[in-house]
Amino acid sequence: MSGTRALIQKKITFYGAGAMAEAIARGLISRSVLSPSSITMMNRSNKERLQELENKYGVITASEAAAKEDVLQTTDVIVLSMKPKDAAEALRYLGPLLSPGQLVVSVIAGMTIETMQTLLGKKHPVVRTMPNTSSTIGLGATGIAFSDEVSENDQKLVRTLFEAVGIVTIIEESTIETLTGVSGSGPAYIYYMMEAMIEAGVRGGLTSDQARDLTVQTVLGAARMVQQTGESPEDLRKKVTSPNGSTQAALEVLAKGNFTETVIAAVDRCAERSREMGDALKEEIN
């Protein structure tokens, strides 16, 4: 990125240095949204992980207690990206260190804005996000909900940060569990369908490599068709389904298995489970 001016002149700290934190940092650097020297990464105790990230991306790392405290007091944005079980302790520690101009952004599943502000001990500007794993290759889908205290400029900043790893949807926090059911966990449903298609191909005589390659390309092509043509999945499905043809025969089997209602039930159960986990987390903290 030498010679290229970063889009954002802010300092960002990832409090937690796992896969999602790395994905977002990589996206920010590769798209010249932030320079590596503007990104600090820290975790509880894994110095080897921090050294790996420093070597790979040129980011700053902080591992000693005094250095961590200094960074948390001076950075512009703190991205909470630790495991949910470590979040309460981290937020209680963070609260007294924060000044009004700093922004707290969470990628922690199940933790509500209200819970985070309670743990911080004040109505601090907080952003709750739900990215998905496709963010690791820049094709993520992230839902974002803002607390009332987040300024318009900070809302724009957060959008820009997450657009570095995919598309962004601004939502009311009350719908974030539904979003979790659709896009947060959604990649797993597609992978499950792909597993079945590959298995069907192998049982029908294709090699496992052939079945895999054909399935991957089919899923990729179908998604791109929806994206590039602007047509609905329903219309595209009808176009490839000839009356009394082989595709119609296949779809009838799926319909007999209540395919649509089963998928909807899966999304609903995912959202319900996300709420249950959030409630359990809140109860545990209280």
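The values are calculated or read from the model by the stated rules, or taken from the named source; none is laboratory data. Just so we're clear, the structure is a prediction, and the values are computed from it rather than from any experiment. Positions of Cβ are generated from backbone atoms using ideal geometry, with glycine treated the same way; all protein chains shown enter the neighbour counts.
For this structure, a couple of remarks:
- In region 1-32, the residues that are of a type outside the set (A, V, I, L, M, F, W, C), at negative phi and part of a loop (DSSP other than H, G, I, E, B): Ser2, Thr4, Arg5, Gln9, Lys10, Lys11, Gly18, Arg31
- Filter result for Val127 (under 11 Å from the mean Cα position of the chain (by Cα) and closer than 20 Å to Ile8 by Cα): no
Yes/no matrix, rows are residues, columns are (1) surrounded by fewer than 16 Cβ atoms within 10 Å (Cβ to Cβ); (2) in contact with a Ser or Thr (Cβ under 8 Å, 6 or more places away or on another chain); (3) in the same structural domain as Leu139 (by TED's automatic domain parsing); (4) not small (Gly, Ala, Ser):
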{"site": "Ala19", "(1), (2), (3), (4)": "yes, yes, yes, no"}
{"site": "Gly27", "(1), (2), (3), (4)": "no, yes, yes, no"}
{"site": "Glu48", "(1), (2), (3), (4)": "yes, no, yes, yes"}
{"site": "Ile60", "(1), (2), (3), (4)": "no, yes, yes, yes"}
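- Of the residues making up region 172-196, just one is buried (at least 16 other Cβ atoms within 10 Å of the Cβ) and farther than 15 Å from Glu272 by Cα, namely Met194.
- Flag: Leu179 matches the condition of being modelled with pLDDT of 95 or more and closer than 30 Å to Gly101 by Cα.
- Positions within region 75-90 being modelled with pLDDT of 95 or more and either more than 19 Å from Val105 (Cβ to Cβ) or more than 20 Å from the chain's Cα centre (by Cα) (or both), in sequence order: Thr75, Asp76
- Residues that are in a helix (DSSP H, G or I) and of a type in the set (Ser, Thr, Tyr) within region 33-62 comprise Ser37, Ser38, Tyr57, listed in sequence order.
- Candidates are the residues of region 249-285 that are over 30 Å from Gly121 (Cα atoms) and of a type in the set (Lys, Arg); the one that is nearest to the chain's Cα centre (by Cα) is Arg269.
- Selection of first residues in region 111-138 that are at positive phi and of second residues that are part of a loop (DSSP other than H, G, I, E, B) and among the small types (Gly, Ala, Ser), restricted to Cβ pairs under 8 Å at least 6 apart or on distinct chains, gives the following pairs, ordered by first then second residue: Gly138/Ala164.
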